[in-house]
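The values are calculated or read from the model by the stated rules, or taken from the named source; none is laboratory data. If you're wondering where the values come from, they're calculated on a predicted model, not measured in any experiment. Virtual Cβ from ideal backbone geometry, glycine too; neighbours counted across all protein chains shown.
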Amino acid sequence: MSVNFKMIAKTFYGFEDILADELLVLGAQKINKGLRSVSFYGDKGFLYKSNLCLRTALKILKPVNEFKFTDVDDYYKNINNFPWENLLSVDSSFIINSVVFHSKTFNNSKYASLKAKDAIVDRFRDKFKNRPDVDSFKPDLKIEIHINKNYCTISIDSSGESLHKRGYKKYNSYAPLNEVLAAGIILMSNWDKNSDLLDPMCGTGTILIEAAMIARNIAPNLNRPSFAFEKWLDWDQDLFELIEESVIKKIIDFDCKLYGFDLSNSMIKKAEKNIEISQVDVEIEVKNKDFLKSSKEDEDDLHIIINPPYDKRISTDVNSLYKSIGDTLKNNYLFSNVWIITANLDAIKSIGLRTSKKIKLFNANLESRLLNYKIYPGTKKDKK
């Protein structure tokens, strides 16, 4: 009989609602939104399924121990008393990452990690006369410790490398868009998948590939080479393959057009290679083309998502660029639902179009805005 347990999905700021929606559709129980995280309950199969299917999760943690402590010795005893042999063998390796907030006991996270490591190693030495190794690069078990005041939560990381590493993006640009961020933007934009989608500054194709996977209901991490849970002592390969097969059976067809432009021919070549690796089996057309000199070919609805460069990444005047984007949309792209993600909060004013929606996000550590412009005649007028 499968046993349900608590899990925590980490995400970007602003994505908590759409991650919770994803979990609800996937079948999670007891969903609770936090800051940059959503907790939920499920069994081992659901842990596998979450790692495979969640588009806006960065990693899935499984809490294994929680306790209050009074001082360093009490902290050590609580960790030493935990049955780590259920999670590790003497031949295994592990690494500990700690974060500490408002603690009078620990001035820094490294000391918290060191004491936890001592407690685990000492338990194995006492019980088995041997101990697992610490491995910073490819550990069998990644342990996450969260300390807030005198309360400690210990979790194990089921994902390993961040879940934005889908496995398809082998060819990158100098400022690549994170895959989780791209997927979240598409979901937030409420693309109905019945209209064509254009990324006019597509770079290496991340938005287009994520859109294709969303349209076809392809789990984002089917191409991922490995997950951390594959090294756990309770790893069940048969169960994982069963989950994987059920996920593959839910893939659907998609008929609309996905296409992108980029000024750089080398970016287009990289995008083409990434699209091929992704195996989305959707026609995605990418062209070496200047969006600012382009126009829409018909009056059908078009969904546009733009991740324009900002001043640190371009030599041209960023305000002029953003004004040109706005002019191009207004004059050449009627009947379009446009979403722009940018970290340049000043330059976005140069777009010159009235926003329908503004959403605060973070691109890496940069505060950003996701802005919606509806380019339809007689509905949304541009600013004078």
Worksheet entry | Test result for Asp199, modelled with pLDDT of 95 or more and in the same structural domain as Val121 (by TED's automatic domain parsing) | no
Discussion item. Restricting to segment 16-53, and then to whatever is part of a helix (DSSP H, G or I) and basic (Lys, Arg), can you tell me which residue is nearest to the chain's Cα centre (by Cα)?
Written reply: Lys49
Discussion item. I'd like to verify a number: residues in segment 176-205 that are within 24 Å of Asn288 (Cα to Cα) and over 18 Å from the mean Cα position of the chain (by Cα), how many?
Written reply: 9
Worksheet item: Out of all the residues in segment 166-184, which are surrounded by 17 or more Cβ atoms within 10 Å (Cβ to Cβ) and charged (D, E, K, R)?
Response: Arg166, Lys169, Glu179
Worksheet item: Among (1) in contact (Cβ under 8 Å) with a residue 12 or more places away in the chain; (2) surrounded by 14 or more Cβ atoms within 10 Å (Cβ to Cβ), where does His102 come up short?
Response: (2)
Item to complete: Please enumerate the residues belonging to segment 1-21 that are touching a Ser or Thr at 6+ places or on another chain (Cβ under 9 Å) and within 14 Å of Val64 (Cβ to Cβ).
Response: Lys6, Met7, Ile8
Worksheet item: If a residue has to be within 27 Å of Glu272 (Cβ to Cβ), over 18 Å from the mean Cα position of the chain (by Cα) and surrounded by fewer than 16 Cβ atoms within 10 Å (Cβ to Cβ) to count, how many in segment 212-255 make the cut?
Response: 5
Worksheet item: Of all the residues that make up segment 32-53, how many are closer than 23 Å to Lys250 by Cα and surrounded by fewer than 18 Cβ atoms within 10 Å (Cβ to Cβ)?
Response: 3
Practice prompt. Have a look at Ser98, Ser93 and point out the one that is touching a helix residue (DSSP H, G or I) at 6+ places or on another chain (Cβ under 7 Å) and of a type in the set (Gly, Ala, Ser).
Written response: Ser98
Discussion item. Name the single residue that is surrounded by the most Cβ atoms within 10 Å (Cβ to Cβ) among those in segment 54-79 being in contact (Cβ under 8 Å) with a residue 24 or more places away in the chain and part of a helix (DSSP H, G or I).
Written reply: Ile79
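Give the number of residues within segment 257-270 that are surrounded by fewer than 16 Cβ atoms within 10 Å (Cβ to Cβ) and either acidic (Asp, Glu) or assigned to a helix (DSSP H, G or I) (or both). Quick ask: steps written out before the conclusion?
Our first condition is that a residue be surrounded by fewer than 16 Cβ atoms within 10 Å (Cβ to Cβ); within segment 257-270, this holds for 257, 263-266, 269.
Restricting the remaining residues to those that are either acidic (Asp, Glu) or assigned to a helix (DSSP H, G or I) (or both) gives 265-266, 269.
Count: 3.
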Worksheet item: Can you name the number of the only condition in (1) surrounded by 16 or more Cβ atoms within 10 Å (Cβ to Cβ); (2) in contact with a Leu (Cβ under 6 Å, 6 or more places away or on another chain) that Ser162 fails?
Response: (1)
Worksheet item: Looking only at strands (runs of 3 or more DSSP E) that fall completely inside segment 110-223, which ones have 1 or more residues that are of a type outside the set (Phe, Trp, Tyr) and within 30 Å of Asn307 (Cβ to Cβ)?
Response: 151-157, 196-199
Item to complete: Could you look through segment 80-99, keep only residues that are in a strand (DSSP E or B) and not hydroxyl-bearing (Ser, Thr, Tyr), and pick out the one that is surrounded by the most Cβ atoms within 10 Å (Cβ to Cβ)?
Response: Ile96
Discussion item. Return the pair list, or none, for Cβ contacts closer than 8 Å from residues in segment 351-362 that are outside the structural domain of Gly326 (by TED's automatic domain parsing) to residues that are aromatic (Phe, Trp, Tyr), at least 6 apart or on different chains.
Written reply: none
Discussion item. Residues to consider are Lys330, Lys358, Lys323, Lys293; find the one that is under 29 Å from the mean Cα position of the chain (by Cα) and basic (Lys, Arg).
Written reply: Lys358
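Rundown of residues vs (1) part of a loop (DSSP other than H, G, I, E, B); (2) closer than 18 Å to Leu208 by Cβ; (3) modelled with pLDDT of 95 or more, yes/no style:
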| position | (1), (2), (3) |
| --- | --- |
| Leu242 | no, no, yes |
| Val247 | no, no, yes |
| Lys250 | yes, no, yes |
| Asp255 | yes, yes, no |
| Glu272 | no, yes, yes |
| Asp281 | yes, yes, no |
| Glu285 | no, yes, yes |
| Asp298 | yes, no, no |
Worksheet item: Under the condition of being under 24 Å from Asp300 (Cα atoms) and modelled with pLDDT of 80 or more, which residue from segment 359-384 is surrounded by the fewest Cβ atoms within 10 Å (Cβ to Cβ)?
Response: Pro377
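Counting just the residues of segment 224-240 that are touching a residue at least 24 places away in the same chain (Cβ under 8 Å) and not in a loop (DSSP other than H, G, I, E, B), which one comes out nearest to Asp192 (Cα to Cα)?
Once the filter is applied, the top-ranked residue is Phe240.
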